[in-house]
Amino acid sequence: MKSRITASDMWLAVLRIGVGAYWLYEQHWKLPPDFGLDAPRGLMFAFQESAAHPTVHLYGDFIQRVVIPHFHVFGWLLLLTEACIGLSLFLGAWTKVGALGGVLQAVNLLVAQASTPEGPWIYFGILAANLCVLALPTERSLSLDARRIHTRRTEQS
């Protein structure tokens, strides 16, 4: 028997897909091979801003002494992390794991960027959106998780 998709399920799916699309869209300014190294507001600029305006001085030192000298390694790590978060949420595959990753990355961005001239507000918004996806049943419809759960229930019947 097919379960009915409610309006609230649909809105929760739209929230999840929207947050996933945000993570995927944000890759456009930090793509390999140079990760926006020489772009006026590329990834190196973001790292340098974090080091120059640290929210937590120990973290600013870490960015200055470890991240910036190994820029391409951290560019790849950031790309893979955020792409996995985005794909997980967009497709609804391992949604809660992706949302937890989004929460952790949003906290990372908040700590790294909150004291920069850009300010903390966008990062509070990203954190709040990911917390909503994590806390709410956003995987119930229009997701690979829902399909997997439905298939497993059907096989058990």
Being at pLDDT 95 or above, of a type outside the set (D, E, K, R), more than 14 Å from Leu43 (Cα to Cα) and open to solvent by 50 Å² or more (accessible area, probe 1.4 Å) is true for just one of Trp76, Trp94. Which residue is that?
Trp94
For Thr116, only one of the following conditions fails: (1) open to solvent by less than 60 Å² (accessible area, probe 1.4 Å); (2) part of a helix (DSSP H, G or I). What is its number?
(2)
Just give me the residues in segment 66-81 being assigned to a helix (DSSP H, G or I) and either hydrophobic (A, V, I, L, M, F, W, C) or in contact with a Leu (Cβ under 8 Å, 6 or more places away or on another chain) (or both), in sequence order.
Val66, Val67, Phe71, Val73, Phe74, Gly75, Trp76, Leu77, Leu78, Leu79, Leu80
Which residues, counting only those in segment 12-53, are open to solvent by less than 30 Å² (accessible area, probe 1.4 Å) and not in a helix (DSSP H, G or I)?
Lys30, Phe35, Gly36, Gly42
Could you tell me which numbered condition Arg4 fails, if it satisfies all but one of (1) touching a Lys or Arg at 6+ places or on another chain (Cβ under 8 Å); (2) not in a helix (DSSP H, G or I)?
(1)
Name the residues in segment 35-73 that are aliphatic (A, V, I, L, M) and modelled with pLDDT of 95 or more, would you?
Leu43, Met44, Ala46, Ala51, Ala52, Val56, Leu58, Ile63, Val66, Val67, Ile68, Val73
Those residues of segment 135-157 that are open to solvent by 60 Å² or more (accessible area, probe 1.4 Å) and touching a helix residue (DSSP H, G or I) at 6+ places or on another chain (Cβ under 9 Å) come to a total of 5
Among the listed residues Leu109, Leu87, which satisfies the condition of being in a helix (DSSP H, G or I), open to solvent by 20 Å² or more (accessible area, probe 1.4 Å) and in contact (Cβ under 8 Å) with a residue 60 or more places away in the chain?
Leu87
For the list (1) within 22 Å of Val103 (Cβ to Cβ); (2) over 18 Å from the mean Cα position of the chain (by Cα); (3) free of Cβ contacts under 8 Å to residues at least 12 places away in the same chain, I need the number of the one condition that Arg4 fails.
(1)
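Just to check your reading of the model, which residue among His28, His70 is closer than 24 Å to Phe124 by Cβ and not basic (Lys, Arg)? Steps first, please.
Working: His70 fails: closer than 24 Å to Phe124 by Cβ.
Just one listed residue meets the conditions, His28.
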Take Ile63 and decide whether it is closer than 20 Å to Gly36 by Cα, assigned to a helix (DSSP H, G or I) and either open to solvent by less than 70 Å² (accessible area, probe 1.4 Å) or in contact with an Asp or Glu (Cβ under 9 Å, 6 or more places away or on another chain) (or both).
yes
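The values are calculated or read from the model by the stated rules, or taken from the named source; none is laboratory data. None of these values were measured; they are calculated from a predicted model. Backbone-built Cβ (ideal geometry, glycine too); neighbour counts: all protein chains shown. We work out accessible area using only protein heavy atoms, side chains counted, and drop any ligands, DNA or RNA first. Shrake-Rupley method; radii C 1.70, N 1.55, O 1.52, S 1.80 Å.
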